[in-house]
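Student: Below you will find the structure I want to go over with you.
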Amino acid sequence: MTADPPGFPARRRRARRLPRRAASALAERWTSVDGVDVFYRESPARPDAATMMHVHGFGLSGRYLLPTAERLRDEFHTLVPDLPGFGRSGRPTDPLDVPDLAHAAARFLDDRDITSATLVGNSMGCPVICEFAHRYPGRVDRAVLVSPAGGAYNQPFRRAVRQLALDGTREPVGLMRVAAPDYLRFGVPSTVRMFRALTRYPSLDRLLALRIPTLVVIGDRDPLMPSPARVAEVAGSTDNHVLVVIIEGAAHAINFSNPGELAHVIRQFMADQPIVDDPDEPGRSRAYEIHRGALHPPRDFSAGA
């Protein structure tokens, strides 16, 4: 087990209060990770179920990930933590950067006695997953990176702010009711520090270096991402295990806005099946592959063809 990062003990402890009303069918619980109170949601663990942990984005808690996580709860042992410093969880003494958050995610799994898991992230959660896989390569079974922002396309800070503002006009109205309390709790100083940490992190290099089956899902209306053609070009720049899927009509917070389509794509990816559109979501959007890495199973294999 690696040493804890400097400043990891909690600066202060929040009262361990559960929400007055449950936000989903997942159980809501508290634990303590390296002295920090961590709030999380969890599905019942079947003995034969693989573990899937959902990792939230910039300034947010895991609550906005619940629409997708809830759809997968019967098939996977599902965990949705608020990482230290975010949401209801306590704040470490010093702010955490991307490697620190990856370490915190690993320590959370240690606390749950879980040796490995599939990690599903959105936005900032994607660099955290890439760092997790870099530091703990034997502990990530598969990676699902949804709207993996945080690279050069989101710099400088004022450009990222404009992109976020535009994205806000493309997301469901209900997202703001979920996200606003999280952003207010996170605060402006933490936002600026976290953005700087993300700009220093080599997200693209880490993603292309992954040696596990990796699904990248992007929306064609996401202002925080380059064009789908550019994403496919970058993903194809080297031999890799990356599979890239577009969800038409989706913006940045796909886990919240398009949970049925995303859960359907994740199921197919987990089963090594070709990605086809969800017949149960007619007329809403369309999901399809735009890149299949050379090291990923070919599309014409027998399973699910």
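Student: Does the range 262-271 contain any residue that is surrounded by fewer than 18 Cβ atoms within 10 Å (Cβ to Cβ) and modelled with pLDDT under 90? It would help to see each step written out before you state the result.
Tutor: Narrowing the range 262-271 to residues surrounded by fewer than 18 Cβ atoms within 10 Å (Cβ to Cβ): 267, 271.
Keeping just the survivors that are modelled with pLDDT under 90 gives none.
Within the range 262-271, none of the residues are surrounded by fewer than 18 Cβ atoms within 10 Å (Cβ to Cβ) and modelled with pLDDT under 90.
Student: If you don't mind, there's one more thing I want to ask. Consider residue 36 against the criteria (1) at pLDDT 95 or above; (2) touching a helix residue (DSSP H, G or I) at 6+ places or on another chain (Cβ under 7 Å): it satisfies all of them except one. Which criterion is unmet?
Tutor: Answer for residue 36: the failing condition is (2).
Student: Within the range 138-150, identify whether any single residue is more than 18 Å from residue 40 (Cα to Cα) and assigned to a helix (DSSP H, G or I), and answer yes or no. Break it down stepwise before answering.
Tutor: Residues of the range 138-150 that are more than 18 Å from residue 40 (Cα to Cα), as a first pass: 138-150.
Still in the list and also assigned to a helix (DSSP H, G or I): 138-139.
Within the range 138-150 (the criterion being more than 18 Å from residue 40 (Cα to Cα) and assigned to a helix (DSSP H, G or I)), the answer is yes, since at least one residue qualifies.
Student: Before we move on, is residue 116 surrounded by 19 or more Cβ atoms within 10 Å (Cβ to Cβ) and of a type in the set (Ser, Thr, Tyr)?
Tutor: So residue 116 fails the test.
Student: Would you check which residues across the range 118-143 are in contact with a helix residue (DSSP H, G or I) (Cβ under 6 Å, 6 or more places away or on another chain) and within 18 Å of residue 75 (Cβ to Cβ) and list them?
Tutor: The answer is 119, 143.
Student: Continuing with this model, one more query. Would you point out the residue of the range 209-230, among those that are under 17 Å from the mean Cα position of the chain (by Cα) and of a type in the set (A, V, I, L, M, F, W, C), that is farthest from residue 153 (Cα to Cα)?
Tutor: Across the range 209-230, the extreme among qualifying residues is 212.
Student: What's the total number of residues in the range 142-167 that are under 22 Å from residue 215 (Cα atoms) and either crowded, with 23+ Cβ neighbours inside 10 Å or more than 15 Å from the chain's Cα centre (by Cα) (or both)?
Tutor: Of the residues in the range 142-167, 12 are under 22 Å from residue 215 (Cα atoms) and either crowded, with 23+ Cβ neighbours inside 10 Å or more than 15 Å from the chain's Cα centre (by Cα) (or both).
Student: Right, next: If you take the residues in the range 71-105 that are outside any loop (DSSP other than H, G, I, E, B), without any contact (Cβ under 8 Å) to a residue 60 or more places away in the chain and under 15 Å from the mean Cα position of the chain (by Cα), which one is surrounded by the most Cβ atoms within 10 Å (Cβ to Cβ)?
Tutor: Per the stated criteria, the residue is 80.
Student: Working only within the range 1-25, note down all residues that are hydrophobic (A, V, I, L, M, F, W, C) and either modelled with pLDDT of 95 or more or outside any loop (DSSP other than H, G, I, E, B) (or both).
Tutor: The answer is 10, and nothing else.
The values are calculated or read from the model by the stated rules, or taken from the named source; none is laboratory data. Computed from a predicted structure; not experimentally measured. Cβ coordinates were reconstructed from backbone atoms using ideal geometry, including for glycine residues, and neighbour counts include every protein chain displayed.
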